[in-house]
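These notes are about the structure you will find just below.
The values are calculated or read from the model by the stated rules, or taken from the named source; none is laboratory data. The structure displayed is predicted, hence computed values, not measured ones. Positions of Cβ are backbone-derived with ideal geometry, glycine not excepted, and every protein chain shown enters the neighbour counts. We work out accessible area using only protein heavy atoms, side chains counted, and drop any ligands, DNA or RNA first. Shrake-Rupley method; radii C 1.70, N 1.55, O 1.52, S 1.80 Å.
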Amino acid sequence: MLKIAGERIDILFKLAEESFNAHPERSDRYVEMARNIATKYNIRMPRIWKRRFCKNCYKFLKPGENCQIRLKDSYVTVKCLECGNVVNIPYIREKKDKRRKRIESYVIKKGINE
Ligand SMILES: [Zn+2]
């Protein structure tokens, strides 16, 4: 059941993305439906969609259309142009993950050679 709920969230966000240009109000409705599913089944928003709606006004956000993304030293700021809400997302952890993966792959390669 949880898997189906997750798939439905995915489908709803894809629909939101597709209909944004022609019918932005439909996109907002899809976001609302996806949020309802997440709440009902107590599942987290998939990482890729988590940043695609405003946590203040809950509108679907499309970078370059109704939201502005800026890179700062250690975080990304996402500004909703619908209500002006700004969210800072640290990305240091992601950088560390990348470094860890590199070290891991190096260790694996070394293991093969020896
Ligand atoms: Zn907003």
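With a point put 7 Å past each Cα toward its Cβ, work out how far Arg102 is from Val86 in nm, to one decimal.
3.1
How much FRET efficiency would the formula 1/(1 + (r/R0)^6) give for Lys3 and Asp73, where r is the Cβ-Cβ distance and R0 is 35 Å, rounded to 0.05?
Plugging the Cβ-Cβ distance into 1/(1 + (r/R0)^6) gives 0.35.
Return the loop-located GluC sites (Glu not before Pro) in region 1-81 (DSSP other than H, G, I, E, B) with at most 13 other Cβ atoms within 10 Å of their own Cβ; answer none if there are none.
Glu65
List the trypsin sites (Lys or Arg not before Pro) within region 13-55 that DSSP assigns to loop and that have no more than 10 neighbouring Cβ atoms inside 10 Å.
Arg44
Can you tell me what percent of all Cα-Cα pairs in region 1-88 are more than 20 Å apart?
It works out to 33 percent of all Cα pairs.
Report the one residue of Thr77, Ile11, Cys67 whose Cα lies farthest in the direction of the positive end of the charge dipole of region 10-78 (charges on C-beta: Lys and Arg +1, Asp and Glu -1; origin at the Cα centre).
Thr77
Would you list Leu2, Leu61, Leu15 from the most to the least accessible area, probe 1.4 Å?
Leu2, Leu15, Leu61
Heavy atoms only, probe 1.4 Å: what % of the accessible area of region 1-80 goes to carbon and sulfur, would you let me know?
Carbon and sulfur atoms account for 51 percent of the accessible area of region 1-80.
For region 41-71, run through the chymotrypsin sites (Phe, Trp or Tyr not before Pro) and keep only the ones in DSSP coil with at most 16 other Cβ atoms within 10 Å of their Cβ.
Qualifying residues, ordered by number: Tyr41, Tyr58.
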